[in-house]
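Below is one structure, written out as structure tokens; comments come after it.
The values are calculated or read from the model by the stated rules, or taken from the named source; none is laboratory data. Keep in mind that what you see is a predicted model, and the values were worked out from it rather than measured. Heads up, the Cβs are rebuilt from the backbone with ideal geometry, glycines too, and the neighbour counts pull from every protein chain shown. With ligands, DNA and RNA removed, areas are computed over all heavy atoms of the protein, side chains included. Shrake-Rupley method; radii C 1.70, N 1.55, O 1.52, S 1.80 Å.
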Amino acid sequence: MEDFSSRSFGNKNKKAGNVNNSNLNDCILTNRRQISDQEALSALDLAVKQVKKNLPLYTDHCQNHSSVNGIYPACDNVQWTCGFWPGEIWLAWEHVCSADNLDINNQRRAGADKKKDSDECIAGQEECSAGSLFACASEYAEEFRAAAMKLSESFEYRIENKIEVDHHDMGFLYTPSCVAAWKLTGDEKARNAAILAADQLMTRFQEKGEFFQAWGKLGEPGTYRYIIDCLMNLPLLYWASETTGDPRYQEAARRHITTCMRYSFRADGSTYHTFFMNQDGTPSHGETCQGYKDDSFWARGQAWGVYGSVLSYRYDPKPEYLEIFHRALEFYLSRLPEDLVPYWDMVFSDDSGEPRDSSSAAIVACGLLEARRYLPQKEADKCEALARQMLYSLTKKYTIWGGRCLSETDDDKNCGESGNLASPPGAGLLLHGTYSKKSPYNTCTEEGVDEYTSWGDYFYMEALTRLTRDWKSYW
Ligand code: GLY
């Protein structure tokens, strides 16, 4: 067995906080097109319109984790992914009603060519100009708020009645739903539900090995493991400590992060999806569940590692967390195809015929935009440039309406995948996501291959939001 405890993670020639690595530079030096502020605002307008169009379908229900033939089925609030849709609604609410945004939009839209009345436009008549949402901001803000609060009640019910909460994904569920509701509206019931969710997550902490057990019955043989995705569940615990004054939550989060940083990131910066511990607390081995095979590079796991490590740094600014961020990012960049959107497992390349996972690109863009806050200016600028390149590519090639919000250069006029600008109710935002693809070597059930994914849509909106205003994070 590899001696994990003695593994050195540091490239001794690199200072923590220095993203001056060759891949990052190469990406920027190729001078790829970056999304501009104005284009990001327009893209967000169009995303918000689709959220509005989808409200009637998913206010009394949740949205399925992924679409089926391009349309999300409605589902009960039982999946690990149900928090992303209310998160999108809150981002939409912020977009239409924040004072910052109105200022930006006033400037941007001063000379906007409003072809149609805004009511018609928001109802889905796609030929309307992208700027028209502004005029009806308050009306739609109330619809967004009411829908998100209704969903928040279903999250209260879910945690109070312990419905499908015997797993670690309390952060994915409760951060973009109830924590967002609390931060944005001060709703006490949402706050209480999120604290209960943090308590629920705490029941899964394993003292021996110091980690949150991801799935399965606690302590059962074959289930003694955590997964890299869990880094995204931990901001819920930091928030719980902050709001209650009880340090237990953040202490457990820190201990899990220490374990995860030690074992989940391989020497080359790639990541294991899942990591097993022995019952005595010593490390056992990495395995995949949703990647192609145990030693391959599941794209979304890598993306969770990039964003999760920089969020870990936000709450506990240890230089080694930024160093891990850099190394995970460097590996991710080294495996990207030309359009900066990874194949679902980064072991694949262009001739593989394998589908992409666009959601990974949206998650990494959020990580890069978060990292700007902690890096020297030059390095922060590079991260932002890279995020803008990724978001340009996502908007241009991975939305059906991309061409409408990018500048009308000859190259951009025909962008957007299908040229069909009328996305139906139930459609998502970001095409070509992959939830779980079965391989001969992995243990997942195949679902949501080359479809919209609920988190892909959410993180695409979050990344655009981060570009358009000084956003107060839900995480
Ligand atoms: N957290 C599971 C996934 O990313 O699919």
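Sequence-distant or interchain residues sharing an amide H contact under 5 Å with W80, placed H: which? Result for W80 returns nothing. Remark: spin-label model distance D350-T445 equals 3.7 nm, labels positioned 7 Å along the Cα→Cβ axis. In nanometres, what is the gap between the two model label sites at D268 and E188, each 7 Å from Cα along Cα-to-Cβ? Taking the simple label geometry, D268 and E188 are separated by 5.5 nm. Figure legend: label point modelled 7 angstrom from the Cα of T243 along Cα→Cβ; residues of segment 444-475 with amide N under 20 Å from it are 471-475. What accessible surface, in Å², does a 1.4 Å probe find on S270, ignoring ligands, DNA and RNA and rounding to the nearest 10? So the heavy atoms of S270 present about 0 Å² to solvent.
With 27 Å as the limit on Cα-Cα distance, the pairs of K49/K396; K52/K472; K49/K472; K318/K396; K382/K472 that go past it are K318/K396. Surface composition of segment 25-97: carbon and sulfur atoms hold 54% of the protein heavy-atom accessible area at a 1.4 Å probe. Computed extension length for K150-E220: 21.5 nm, one decimal, from 0.36 nm per residue of separation with the Cα-Cα distance subtracted. Potential lengthening of the chain between E251 and D76 amounts to 59.7 nm, from the contour at 0.36 nm per residue minus the alpha-carbon distance. Distance from the Cα centroid of segment 209-248 to that of segment 318-334 is 22 Å (rounded to whole angstrom). For F211, the residues whose amide H sits under 5 Å from its own are Q206, ignoring neighbours fewer than 5 places away on the same chain, with H placed 1.01 Å from N. Surface composition of segment 302-352: carbon and sulfur atoms hold 46% of the protein heavy-atom accessible area at a 1.4 Å probe. A full extension of the chain between E160 and H285 corresponds to an added length of 41.4 nm, given 0.36 nm per residue minus the alpha carbon distance.
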